[in-house]
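**Q** First, the structure itself, so that you have it in front of you.
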Amino acid sequence: MKIAVLAGDGIGPEIMAEALKVLDVLRRDGLKIETESALVGGAAYDEYGHPLPAATLQLAQQSDAVLFGSVGGPKYDALPREHRPEKAILGLRKECDFFANLRPANVFPELADASTLKPEIIAGLDIMIIRELTGDIYFGEPRGITGHRGVNGELGNRVGINTMHYTEAQIRRIIHVGFKTARQRNKRLCSIDKMNVLEAMQLWRDIAIEIAPEYPDVELTHMLVDNAAMQLIRNPKQFDVMVAGNMFGDILSDEASMLTGSIGMLPSASLDAAGKGLYEPIHGSAPDIAGKGIANPLAQILSAAMMMRYTFNLPDVAARIETAVRKALASGLRTGDIAKANEAKASTQQMGDAVVSFL
Ligand code: NAD
């Protein structure tokens, strides 16, 4: 298992150090894990003048998986768009054709009271949102702003244009990921669209229906995105796997992640057609707490667990890591982001060490 380790900026290196300790345990247990680190994001810009240097991209391309921390920070906010640290993620996704974004939202029973929703609505929540990353309104042509701004108090005639654009091939491959993921879980797939008003989404639904017979063991349902947004709040446990296009998936996955109430707990994966993937926490570089040793490392550690499940096909190893995380939480340990006001706060390292000891 050749893993590219790209820790990035802010809290990235701090939380990555804890995930690497977890990989060390697995290595001691006999797994053949090879890691190689490289700079990415602002750290790479400082050193090489580019957020995704050629050597970093090459390492990612030559590895089986990328374990990614987080990038960005106020220091880089004034840079031109092509040099911003966040460009590194977009570049990796594009160059490696990571088209499927998997975002689990699950609630550890110990943290059920961290959500803004009632504990009984979210306790035991375990859903997976799959977002398509390469098509849709973010890339469709034509796009742009045309026309003229009004002068001397006259009304202008500017028009803002973006186009929802999906090819059959793009829809097919993400729907297949949806079915395959559902197969590994509770065998229910809910396809999200807006076919009542959008032709691109009619095609989405048609293709989902066409593919369904290939997965007779998975139950396929459809839901309009506006209803899905509502149902996620009303009764999120009704879902198992949801699959959506780029824009709807963007919004729904953020909504779902916040059901859990703890940004420092959530991993994600971006996969290519062969199962190679980039694994990263959903949160950013948290500049407000960087360097203090108080960030929650669990999203990074759980990203490593996802990597074991989805790229290396080792669900038992993934489950072992997840169980160790659960035990660390059950032991009462809480970093600041998940602690209640009166609770003692663990450091990044204490949390990582606890996971390692339970592992
Ligand atoms: P953020 O996710 O970095 O932080 C939001 C809030 O959550 C902060 O208060 C932070 O302290 C807290 N937080 C985040 N992760 C935490 C953790 N592991 N433990 C404890 N608390 C945690 O979002 P932001 O502040 O909007 O963005 C900061 C920078 O990160 C920006 O430059 C942004 O562009 C970048 N960013 C990067 C990624 C990525 O690398 N994939 C994603 C989102 C944002």
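The values are calculated or read from the model by the stated rules, or taken from the named source; none is laboratory data. Because the structure is a prediction, the values reported are computed rather than measured. Every residue, glycine as well, gets a Cβ built from its backbone with ideal geometry; the counts of neighbours run over all protein chains shown. Heads up: the accessible areas ignore ligands, DNA and RNA and are worked out on the full protein's heavy atoms, side chains in. Shrake-Rupley method; radii C 1.70, N 1.55, O 1.52, S 1.80 Å.
**Q** Go through the stretch 25-51 and report how many residues are acidic (D, E) and either free of Cβ contacts under 8 Å to residues at least 12 places away in the same chain or surrounded by 23 or more Cβ atoms within 10 Å (Cβ to Cβ) (or both).
**A** 3
**Q** Just checking, does the stretch 282-298 include any residue being among the hydroxyl-bearing types (S, T, Y) and under 18 Å from the mean Cα position of the chain (by Cα)?
**A** We begin by selecting, within the stretch 282-298, every residue among the hydroxyl-bearing types (S, T, Y); these are 285.
Adding the requirement that they be under 18 Å from the mean Cα position of the chain (by Cα) leaves 285.
Yes: one or more hits.
**Q** Need at least 2 residues that are within 14 Å of the ligand (Cβ to nearest atom) per element, so show me which strands (runs of 3 or more DSSP E) inside the stretch 17-129 make the cut, counting only ones lying wholly within it.
**A** It comes to 65-70, 100-106.
**Q** May I ask you to say which residue of L20, L26 is of a type in the set (A, V, I, L, M, F, W, C), assigned by TED's automatic domain parsing to the domain that holds I294 and over 22 Å from A290 (Cα atoms)?
**A** None of the others qualify; the one that does is L26.
**Q** Restrict the check to the stretch 197-214 and report whether at least one residue is hydrophobic (A, V, I, L, M, F, W, C) and under 21 Å from I122 (Cβ atoms). Reasoning before the result, please.
**A** Our first condition is that a residue be hydrophobic (A, V, I, L, M, F, W, C); within the stretch 197-214, this holds for 197-198, 200-201, 203-204, 207-209, 211-212.
With under 21 Å from I122 (Cβ atoms) added as a condition, the list becomes none.
No: the stretch 197-214 contains no residue that is hydrophobic (A, V, I, L, M, F, W, C) and under 21 Å from I122 (Cβ atoms).
**Q** Can you tell me which residues in the stretch 187-220 are in contact with a strand residue (DSSP E or B) (Cβ under 6 Å, 6 or more places away or on another chain) and in a helix (DSSP H, G or I)?
**A** Result: M201, W204, R205, A208, A212.
**Q** Okay, moving on. Out of all the residues in the stretch 175-186, which are at pLDDT below 95 and part of a loop (DSSP other than H, G, I, E, B)?
**A** R185
**Q** Any chance you could count how many residues in the stretch 268-284 are of a type outside the set (D, E) and open to solvent by 10 Å² or more (accessible area, probe 1.4 Å)?
**A** So the answer is 8.
**Q** Let me spell it out: the conditions are (1) touching a His at 6+ places or on another chain (Cβ under 9 Å); (2) surrounded by 23 or more Cβ atoms within 10 Å (Cβ to Cβ), and I321 meets all of them except one. Which number is the exception?
**A** Condition (1) is where I321 drops out.
**Q** Looking at (1) in contact (Cβ under 8 Å) with a residue 60 or more places away in the chain; (2) surrounded by fewer than 23 Cβ atoms within 10 Å (Cβ to Cβ); (3) under 22 Å from the mean Cα position of the chain (by Cα), which is the one condition that is false for I121?
**A** I121 satisfies all of (1) in contact (Cβ under 8 Å) with a residue 60 or more places away in the chain; (2) surrounded by fewer than 23 Cβ atoms within 10 Å (Cβ to Cβ); (3) under 22 Å from the mean Cα position of the chain (by Cα) except (3).
This table checks each residue for (1) open to solvent by less than 60 Å² (accessible area, probe 1.4 Å); (2) within 21 Å of S270 (Cα to Cα); (3) touching a His at 6+ places or on another chain (Cβ under 7 Å).
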| position | (1), (2), (3) |
| --- | --- |
| M164 | yes, no, no |
| A169 | no, yes, no |
| G178 | yes, yes, no |
| Y215 | yes, no, no |
| A229 | yes, no, no |
| N246 | yes, yes, no |
